[in-house]
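A short write-up of the structure that comes next.
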Amino acid sequence: AIGSTHYDTLSAAISELQEETKTNILLLDNVTEVVTIPANRNITLDLAGYTLKNNETPQDNNTNANDRHHTVTNNGTLTIVDSSSTKTGRVDNVSHGKGALVNYGTATLNGGTFTRSEEASTSPTDNGGNSWYVIDNQGNMTIDGATVTNKGYYSSLIRNFGKSNENVATLTVTSGILSNEQFIAVKNDDYGKLKLTGGTITSGDQAVQNWNEATISGGNLTGSVIIWSYTGHPSSTTISGETTITGDVKAV
């Protein structure tokens with residue numbers, strides 16, 4: 001729903017939006033579809049305790065083929081909240097090589113749980129036929145109150161990946177729960193800028209893997225923090241403040 005107007009699909013509601021006009025969309029039931037938010041759209045999506053999950057047939061046939069089957073692909077400005085008292089709102093993806101949220105624009109995650117409920121990986125060399133990042137950020141993202149979780153052994157939970165020194169990806173975590181059972185929780189990839197000031201990050205392997213620039217000044221991290229670099233691409237990590245790390249800190 002947008003106000004008192006109800007729509008059969010989330011895509012239909014999004015198609016009604018005017019450029020640059022900030023609009024609230026409320027889920028009224030569980031939704032199974034893939035949605036793309038165009039550039040120049042400003043949406044607050046309230047999960048309201050319901051689940052948004054991808055299907056195998058995208059509603060928008062004009063969507064870039066590489067983005068098809070991601071549950072949400074954001075090119076605009078997106079805020080996700082969950083106003084329900086139960087806090088059961090979820091964004092889920094069930095397809096191999098696809099994520100719950102892929103962000104090219106600006107995204108703020110204030111609520112909801114993001115996951116891949118049919119993750120099938122069993123080791124770092126075996127994806128089980130169904131694995132990928134839960135969130136792939138190639139724009140600007142803030143996580144402040146959301147939960148991102150997976151039982152992954154093959155793919156990182158979150159990837160923050162920029163395109164160049166002039167086109168970086170920024171990920172800021174101020175609060176929330178990020179948990180990946182046996183693999184990397186937050187991978188700050190090439191041309192990524194990561195800022196952690198709070199939240200709980202848990203991994204059976206690496207809480208943070210940094211390939212570019214990371215500033216950690218708060219939060220509770222369980223798992224190693226490993227700083228990687230390679231020829232022609234140095235990286236840096238600053239750790240300070242009230243940060244608690246249960247695990248090794250290494251530079252490779």
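Descriptive notes on the structure:
- Each residue in the range 197-252 was checked for being touching a residue at least 12 places away in the same chain (Cβ under 8 Å) and either in a loop (DSSP other than H, G, I, E, B) or hydrophobic (A, V, I, L, M, F, W, C) (or both), and 31 of them qualify.
- Residue within the range 100-111 that is at pLDDT 95 or above, under 15 Å from HIS70 (Cα atoms) and open to solvent by 20 Å² or more (accessible area, probe 1.4 Å) present: yes
- Any chance GLY145 is buried (at least 19 other Cβ atoms within 10 Å of the Cβ) and farther than 23 Å from GLY204 by Cβ: yes
- Some residue of the range 172-182 being open to solvent by 10 Å² or more (accessible area, probe 1.4 Å) and either touching a helix residue (DSSP H, G or I) at 6+ places or on another chain (Cβ under 7 Å) or without any contact (Cβ under 8 Å) to a residue 24 or more places away in the chain (or both): no
- Just one of (1) surrounded by 16 or more Cβ atoms within 10 Å (Cβ to Cβ); (2) assigned to a loop (DSSP other than H, G, I, E, B); (3) in contact with a Phe, Trp or Tyr (Cβ under 8 Å, 6 or more places away or on another chain) fails for VAL94. It is (3).
- Condition check for ASN165: modelled with pLDDT under 95 and polar (S, T, N, Q): yes
The values are calculated or read from the model by the stated rules, or taken from the named source; none is laboratory data. Quick caveat, the model's predicted, so the values are computed rather than measured. With ideal geometry, Cβ positions are generated from the backbone for all residues, glycine too; neighbour counts draw on all protein chains shown. Remember, those area values only see protein heavy atoms, side chains included, never the ligands or the DNA or RNA. Shrake-Rupley method; radii C 1.70, N 1.55, O 1.52, S 1.80 Å.
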